[in-house]
Amino acid sequence: MKLLTHKWVSVVLLWLFVIAVWQIAAGIYGPDIIPGPVATWNGAVELLEDGSLLSYIGISFYRVFVGWVLGSLIAIPLGLIIGRVAIVRVFAEPFLNFIRFIPPIAFITLFLVWFGIGEQSKIALIMYATLFIVMMNTLTGVLAVEEDKVRAARSLGASEWQILIYVVIPATVPYMFTGIRLAMGTSYMAIIGAEMIAANEGLGYLIWNSRLFFRTDWIFVGLICLGLIGFFTDRLVGLLGKKLLYRYGVVSSEPIRR
């Protein structure tokens with residue numbers, strides 16, 4: 001209890017310090033450059049009253065969630081196949097190591113041409129942002145499985161399918177889970193870029209469109225909403241992983257304390 005109390009006191013003090021520095025910077029540069037906490041709050045209230053803020057949050061979250069889930073569902077089987085089948089890995093690894101360095105935002109124009117300006121292009125972009133991160137982490141997990149475990153299972157008469165199900169996948173789950181969490185952050189970055197360039201809804205659109213009215217307070221509202229959504233989504237996924245996948249070695253996301 002003492003440690004918990006100390007932790008929350010530290011967090012509260014840290015945020016009070018951040019808000020104080022924020023207010024000082026707003027006083028120095030003026031609200032047109034850096035809106036203060038009160039001005040940002042008023043901007044959020046204004047957006048809430050007309051219903052646009054909640055709508056933008058819901059739309060951005062929907063795009064990220066659908067693309068992230070679909071990308072993960074595709075990436076995990078591909079990572080397992082590439083990791084377990086040597087001939088596939090020989091051809092796939094050079095391609096993966098090439099294309100994974102191309103950022104998702106570079107494909108926005110192509111995806112608009114291929115999938116149109118609707119939701120398909122944005123969800124496809126999120127899938128791309130998710131796919132290679134989860135696939136590479138899954139592949140790394142498969143290659144990290146101790147060969148002694150595979151040999152032991154094979155010596156007991158296990159088939160290759162049984163080895164995959166009962167040896168490889170359980171040992172790879174922590175790597176898959178890490179890839180899924182990392183991909184979530186990349187997905188938010190990708191959707192904001194897409195919404196800035198080719199959307200008329202979403203938090204990225206709010207941030208980009210606010211420049212036309214010189215509403216820096218709305219920009220700050222969008223940034224804060226993105227941080228809060230990402231934070232709570234990551235915490236929720238971490239909690240679910242800890243509760244549902246603890247038997248596979250997935251632990252809490254809390255930092256290690258000495």
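Overview of values
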read-out	value
The lone exception for LEU14 - which of (1) touching a helix residue (DSSP H, G or I) at 6+ places or on another chain (Cβ under 7 Å); (2) in a helix (DSSP H, G or I); (3) at pLDDT below 85 it fails	(1)
Listing of helices (runs of 4 or more DSSP H) fully contained in region 146-258 that carry 3 or more residues being within 20 Å of LEU80 (Cβ to Cβ)	147-155, 160-163, 169-197
Qualifying position, being within 22 Å of MET127 (Cα to Cα) and either β-branched (Val, Ile, Thr) or touching an Asp or Glu at 6+ places or on another chain (Cβ under 7 Å) (or both), among VAL90, VAL85, VAL64	VAL64
Within region 125-148, tally of residues that are more than 20 Å from THR178 (Cβ to Cβ) and surrounded by fewer than 21 Cβ atoms within 10 Å (Cβ to Cβ)	2
Lone unmet requirement of (1) under 16 Å from ILE76 (Cβ atoms); (2) touching a helix residue (DSSP H, G or I) at 6+ places or on another chain (Cβ under 8 Å); (3) not basic (Lys, Arg) for SER121	(1)
Residue among ILE33, ILE57, ILE24 that is among the hydrophobic types (A, V, I, L, M, F, W, C), outside any helix (DSSP H, G or I) and modelled with pLDDT of 80 or more	ILE33
Residues (touching a helix residue (DSSP H, G or I) at 6+ places or on another chain (Cβ under 6 Å) and among the polar types (S, T, N, Q)) located in region 160-196	THR172, THR178, THR186, SER187
Unmet requirement for LEU164, which otherwise passes all of (1) over 21 Å from ARG89 (Cβ atoms); (2) touching a Lys or Arg at 6+ places or on another chain (Cβ under 7 Å)	(1)
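Residues are listed down the side, and each one gets a yes or a no for (1) out of contact with any helix residue (DSSP H, G or I) (no Cβ under 7 Å at 6 or more places or on another chain); (2) surrounded by 13 or more Cβ atoms within 10 Å (Cβ to Cβ); (3) not hydrophobic (A, V, I, L, M, F, W, C):
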{"position": "PHE213", "(1), (2), (3)": "yes, no, no"}
{"position": "GLY230", "(1), (2), (3)": "no, yes, yes"}
{"position": "GLY241", "(1), (2), (3)": "no, yes, yes"}
{"position": "VAL250", "(1), (2), (3)": "no, yes, no"}
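The values are calculated or read from the model by the stated rules, or taken from the named source; none is laboratory data. Owing to the predicted nature of the structure, the values given are computational and were not obtained by experimental measurement. Ideal geometry is used to build each Cβ from the backbone, glycine not excepted, and the neighbour counts take in all protein chains shown.
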